[in-house]
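A.B. asks: Quick one: the structure is below, and I'll ask about it shortly.
The values are calculated or read from the model by the stated rules, or taken from the named source; none is laboratory data. Please read all numbers here as calculations on a predicted model, not as lab measurements. A quick note on method: Cβ atoms are made from the backbone with ideal geometry, for glycine too, and the neighbour counts reach across all protein chains shown.
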Amino acid sequence: MPSLRLLAVSAAFLGLYFVLRLELHTGAKTAIQKHAPGLLSVLNSPVTTEQGTQQVFTSSSRQPFTRHIVAVGDLHGDILNAQTVLQFSGVVDAFGNWTGDADFFVQTGDIIDRGDDTIKLFSWMEQLRVQAAATGGVVLSHLGNHEVMNAIGDWRYVYPSEINTFGSVAARQKMISTGRIGRAWAQNYTATSRLPLHPHLGDPNTPFPPEDHPVYFRREDDPDDDDSLYYDAKEPLSHSALSFVHGGLSPTYGNLAPFPTKINDLASSFLHKLQHRAQPPPHPPHKYPGLPQGTTREEAELYDANGPFWYRGWATDSDAKVCVDVEKVLARTGTRRMIMGHTPDFTGIVSRCNGKIIIIDTGISHAYGGALSALSIHYTFTPVGENEQGEPIWTEREVVSALYVDRQDIIVDEERQAVGDFRMV
């Protein structure tokens, strides 16, 4: 026997028959929206029959999609300024609790050093991580060069007053190795992230190129360009993603792909070796302890000046150089923009190459006295009709803004069109 839902759908269609005949010139969907908008939700829902579940109508896959991302750079031991920034950017309320206004909050490393609030800041980040998850939000945290320095035993920027908040040098060593902070680094912090703007690309840090793709993409219009290997005309959203890292993804760094999997696997193994060796006496006053025994060549390259924790070329090189180099890195990482901290500009967030490079370290900590700032990205994906082949057309829009205590500066406001059916969840 037919299900009650199937009977209801059939009756609804009969009831609308004569109305639709009178309004064929407007299209059936328009008439349904006008006379029985509630019917669309019935038509879009699965119908159970003796043969199983079937999708009666497909317009549900053409609903608008939005995503809001907030990113903050180096905090360096200052919880009061950090709370101010996260509050005016809408991430937290006046009590420091997750608001749900952002889908993703991203912090690009260097929470530690130059201030006394290490324990408070890392504890707060873990609290926000739990609160965000409870509402469907996500906190993405990154290791900066200062986190790794402290794990190595390089304590040149550790204040004596900050050590006192742990109780002793030994207590601090334990806390950042196998203790509460160290476990948070190992479990919840990565060296870099690839954050899709659209769910069609999967979850954060889904590898690019896709693991199930046997070869890299190639653009037919430019077969001799190595960078074109990473693009595919059949996948128009393939690069609808952002990369986040502390220092920068150098164009000559050798472990970009698959991104971000390769870098993060190296960072995880390197951090494990640092945290689980016998902790050396910190430098200063003792000698620099160096990298742990068993460090591989690739792990050493991860931590050198050309690696993602230290690289500064995107901030210091000329426009002529970086605006060429950035295209190579964006192609290989499956992203549209690189967002990083590490190199401070105390006047505000720096955008280069039409927003393809964004540097968000503005010296938030009172140790610097720079600008209190956050980066906000509003992404929308809106259906706008169909082409002659009946394929859905969408408009992608990214509005990237620098937020300050007293103003908002728009860095990028870009639109693109995409054609096809895309996974929305």
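A.B. asks: Condition first: aliphatic (A, V, I, L, M) and in contact with an Asp or Glu (Cβ under 6 Å, 6 or more places away or on another chain). Now tell me which residues in the range 305-333 satisfy that. Don't jump to the end; show me each part of the working.
C.D. replies: As a first pass, look at the range 305-333 and keep what is aliphatic (A, V, I, L, M): 305, 315, 320, 322, 324, 326, 329-331.
Scanning the range 305-333 gives a single hit, Ala331.
A.B. asks: Applying the selection to the range 178-212, what residues are more than 20 Å from Met338 (Cα to Cα) and among the small types (Gly, Ala, Ser)?
C.D. replies: Gly179, Gly182, Ala184, Ala186
A.B. asks: Inside the range 70-85, can you point out the residues that are assigned to a helix (DSSP H, G or I), of a type outside the set (Val, Ile, Thr) and farther than 14 Å from Thr108 by Cβ?
C.D. replies: Leu80, Asn81, Gln83
A.B. asks: I'd like to check something: does the range 48-59 contain any residue that is loosely packed, with under 15 Cβ neighbours inside 10 Å, of a type in the set (A, V, I, L, M), over 25 Å from the mean Cα position of the chain (by Cα) and at pLDDT below 50?
C.D. replies: Start the filter on the range 48-59 by keeping residues that are loosely packed, with under 15 Cβ neighbours inside 10 Å, which leaves 48-56, 58-59.
Now restrict to residues that are of a type in the set (A, V, I, L, M): 56.
Among the residues that remain, those that are also over 25 Å from the mean Cα position of the chain (by Cα) are: 56.
Then drop every residue that is not at pLDDT below 50, which leaves 56.
Scanning the range 48-59 turns up at least one residue that is loosely packed, with under 15 Cβ neighbours inside 10 Å, of a type in the set (A, V, I, L, M), over 25 Å from the mean Cα position of the chain (by Cα) and at pLDDT below 50.
A.B. asks: Given the residues Gly313, Gly248, which is the only one that is out of contact with any helix residue (DSSP H, G or I) (no Cβ under 6 Å at 6 or more places or on another chain), assigned by TED's automatic domain parsing to the domain that holds Ser376 and either of a type outside the set (A, V, I, L, M, F, W, C) or surrounded by 21 or more Cβ atoms within 10 Å (Cβ to Cβ) (or both)?
C.D. replies: Going through Gly313, Gly248 in turn, just one is out of contact with any helix residue (DSSP H, G or I) (no Cβ under 6 Å at 6 or more places or on another chain), assigned by TED's automatic domain parsing to the domain that holds Ser376 and either of a type outside the set (A, V, I, L, M, F, W, C) or surrounded by 21 or more Cβ atoms within 10 Å (Cβ to Cβ) (or both): Gly313.
A.B. asks: Take residues that are of a type in the set (Gly, Ala, Ser) and tell me which of the strands (runs of 3 or more DSSP E) falling wholly in the range 315-425 contain 3 or more.
C.D. replies: Filter on the range 315-425 gives 373-386.
A.B. asks: Could you please find all residues in the range 284-309 being without any contact (Cβ under 8 Å) to a residue 40 or more places away in the chain and not in a loop (DSSP other than H, G, I, E, B)?
C.D. replies: Listed by number, the residues that qualify are Arg297, Glu299, Ala300.
A.B. asks: Out of the residues in the range 166-186 that are crowded, with 16+ Cβ neighbours inside 10 Å and not hydrophobic (A, V, I, L, M, F, W, C), state the one that is nearest to Asp110 (Cα to Cα).
C.D. replies: Looking at residues that are crowded, with 16+ Cβ neighbours inside 10 Å and not hydrophobic (A, V, I, L, M, F, W, C), I get Gly182.
A.B. asks: Taking the condition closer than 25 Å to Glu298 by Cβ and without any contact (Cβ under 8 Å) to a residue 40 or more places away in the chain, does Arg172 pass? Quick ask: steps written out before the conclusion?
C.D. replies: On the way: closer than 25 Å to Glu298 by Cβ: no; without any contact (Cβ under 8 Å) to a residue 40 or more places away in the chain: yes.
When the stated conditions are applied, Arg172 does not pass them.
A.B. asks: Looking only at the range 332-362, how many residues end up being surrounded by fewer than 22 Cβ atoms within 10 Å (Cβ to Cβ) and not charged (D, E, K, R)?
C.D. replies: Count: 9.
A.B. asks: Contact list please: Cβ distance under 6 Å, first residue in the range 183-202 and free of Cβ contacts under 8 Å to residues at least 12 places away in the same chain, second residue part of a strand (DSSP E or B), pairs at least six apart or on different chains.
C.D. replies: none
A.B. asks: Take Asp413 and tell me if it is out of contact with any Lys or Arg (no Cβ under 8 Å at 6 or more places or on another chain) and acidic (Asp, Glu).
C.D. replies: For Asp413, the condition - out of contact with any Lys or Arg (no Cβ under 8 Å at 6 or more places or on another chain) and acidic (Asp, Glu) - is not met.
A.B. asks: Can you give me the number of residues within the range 159-177 that are over 29 Å from the mean Cα position of the chain (by Cα) and within 20 Å of Leu271 (Cα to Cα)?
C.D. replies: The qualifying residues number 6.
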